[in-house]
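First the structure, in the form of structure tokens, and then the observations on it.
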Amino acid sequence: MGMIEPKEAIDRILAGIERVVDPESASLSGDLLESWGWWSIFGCNIALRHLDQATMHRPMAILTNKATEIANVLGNWALRERAFTLENFRRQRIADLTGMQPDWFLDEEEIRTISGTMGRFPGFREVGWRILDAAHIFDAAN
């Protein structure tokens with residue numbers, strides 16, 4: 001197969017996750033569904049390391065969202081931790097570029113998930129607190 005350009009690798013991953021548009025109804029085994037979650041994380045890492053500021057944000061947003069969706073379906077805490085951490089890196093890049101911190105909008109379920117991730121992964125606590133400190137909380141019932 002050989003080496004490919006980072007943009008092409010990300011495009012392949014984005015095309016592949018089309019198989020799991022809705023992870024809850026995907027007809028994939030748990031292991032195969034989880035593998036697409038990790039492919040999403042790998043794609044984020046490629047984007048973060050190899051794409052410029054102008055082109056990295058959209059694929060990273062799509063891929064962190066997909067990894068989070070899959071993690072939630074599977075109850076996979078490690079996948080959640082990676083997705084939150086990479087989304088935090090993406091948002092930090094925006095802040096570095098613009099001088100403005102992007103808003104996080106979280107509901108109660110997301111706060112519980114971030115808190116649970118902080119409890120399971122002590123190395124995530126600093127990132128988790130940063131996310132929670134920057135968050136705008138919205139009530140899904142209203």
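Here is how the numbers come out for the structure above:
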| quantity | calculated |
| --- | --- |
| Test: residue in region 125-140 that is modelled with pLDDT of 90 or more, under 19 Å from A9 (Cβ atoms) and assigned to a helix (DSSP H, G or I) | no |
| Per-region count, region 49-59, residues within 13 Å of L86 (Cα to Cα), surrounded by 17 or more Cβ atoms within 10 Å (Cβ to Cβ) and at pLDDT below 95 | 2 |
| Residues of region 1-48 classified as under 18 Å from the mean Cα position of the chain (by Cα), acidic (D, E) and modelled with pLDDT under 95, total | 4 |
| Filtered residues of region 110-142 (kept if over 30 Å from A54 (Cα atoms), surrounded by fewer than 18 Cβ atoms within 10 Å (Cβ to Cβ) and in contact (Cβ under 8 Å) with a residue 12 or more places away in the chain) | S115, G116, R120, D139, A140 |
| Residue in region 79-94 that is assigned to a helix (DSSP H, G or I), over 14 Å from the mean Cα position of the chain (by Cα) and within 23 Å of G128 (Cβ to Cβ) present | yes |
| Members of region 60-69 that are buried (at least 18 other Cβ atoms within 10 Å of the Cβ) and not acidic (D, E) | M60, I62, L63, T64, K66, A67, T68 |
| Residues of region 70-84 satisfying the condition of being β-branched (V, I, T) and either crowded, with 20+ Cβ neighbours inside 10 Å or touching a Lys or Arg at 6+ places or on another chain (Cβ under 7 Å) (or both) | I70 |
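The values are calculated or read from the model by the stated rules, or taken from the named source; none is laboratory data. Every value quoted in this text rests on a predicted model; they were computed, and no experiment measured them. Neighbour counts run over all protein chains shown; Cβ positions are idealised from the backbone, glycine included.
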